[in-house]
1. Which length gain, in nm to one decimal place, applies between GLU34 and ALA101 when the Cα-Cα distance is subtracted from 0.36 nm times their residue separation?
2. Of all the C-alpha pairs in the chain, what % are more than 20 Å from each other?
3. Assign one of three labels to region 42-97, namely rounded, prolate or oblate, based on the Cα gyration tensor with a ≥ b ≥ c the square roots of its eigenvalues; rounded applies when a/c is under 1.5, prolate when it is not and a/b is larger than b/c, and oblate otherwise.
4. With the dipole of region 11-115 worked out from charges on the C-beta (+1 for Lys and Arg, -1 for Asp and Glu) around the Cα centre, which of HIS105, PRO65, ILE88 lies farthest toward the positive end?
5. Run through region 1-107 and list the trypsin sites (Lys or Arg not before Pro) located in a DSSP loop whose Cβ has at most 16 other Cβ atoms within 10 Å.
6. What is the set of long-range amide H partners of LEU63 at a cut-off below 5 Å, with H atoms built 1.01 Å from backbone N?
7. Any idea what the relative contact order of the chain is, in percent, if you count C-alpha pairs under 8 Å spaced at least 6 apart?
8. Between the helical axis of 105-115 and the dominant principal axis of the chain, each derived from Cα atoms, what acute angle in degrees is found, rounded to the nearest 10?
Amino acid sequence: MSQSLGSLVIVLHGHLPYVLHHGRYPHGEAWLYEAAAETYMPLLDIIGEAALLQVRPALTIGLTPVLLEQLAHERFKSGFVDYLKTCIDRAVSDRREFERANQLHLPYHCSQRVAR
């Protein structure tokens, strides 16, 4: 009986309903900004790192026209920058609060997460 090498396929399919101009939270524009910051941007970082290391992974990424239209929209671009600034401001404030409360393990954990 011969052994064969198996394969693993991971397919990322990205879709969000149209949320621009439909409020901010929880299922409005903030949903799109969070997906971009927590999923799409880290994925682009990994793909960029693989390219720098000359790794050639086989990828399949499916993005729906509705999602792509939103990501290309000027409202998304300006709103995403504001969203990221707000996230940074909150992280800085949280870190100060953790340090003030002498919970030094929490800012360390947060800085490790941001450093990823």
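1. Working: separation 67, 0.36 × 67 = 24.12 nm, distance 2.83 nm.
Working it through step by step, the gained length comes to 21.3 nm.
2. Working: 3929 of 6670 pairs.
In whole percent, the long-distance tail amounts to 59.
3. Working: a/c = 3.33, a/b = 1.35, b/c = 2.46.
Oblate, since a/c reaches 1.5 and b/c is not below a/b.
4. The one lying farthest along the dipole's positive direction is HIS105.
5. Details: sites: ARG24, ARG75, LYS77, LYS85, ARG90, ARG95, ARG96, ARG100; in loops: ARG24.
Here the sparse-neighbourhood loop sites are ARG24.
6. Result for LEU63 returns GLY14.
7. Details: 65 pairs, mean separation 32.0, N = 116.
28 percent.
8. 50
Read the figures in this text as sums done on the coordinates, not as results from a lab. These numbers come from a predicted model, not from an experiment. In this analysis, Cβ positions are derived from the backbone assuming ideal geometry, glycine residues included, and neighbour counts consider all displayed protein chains.
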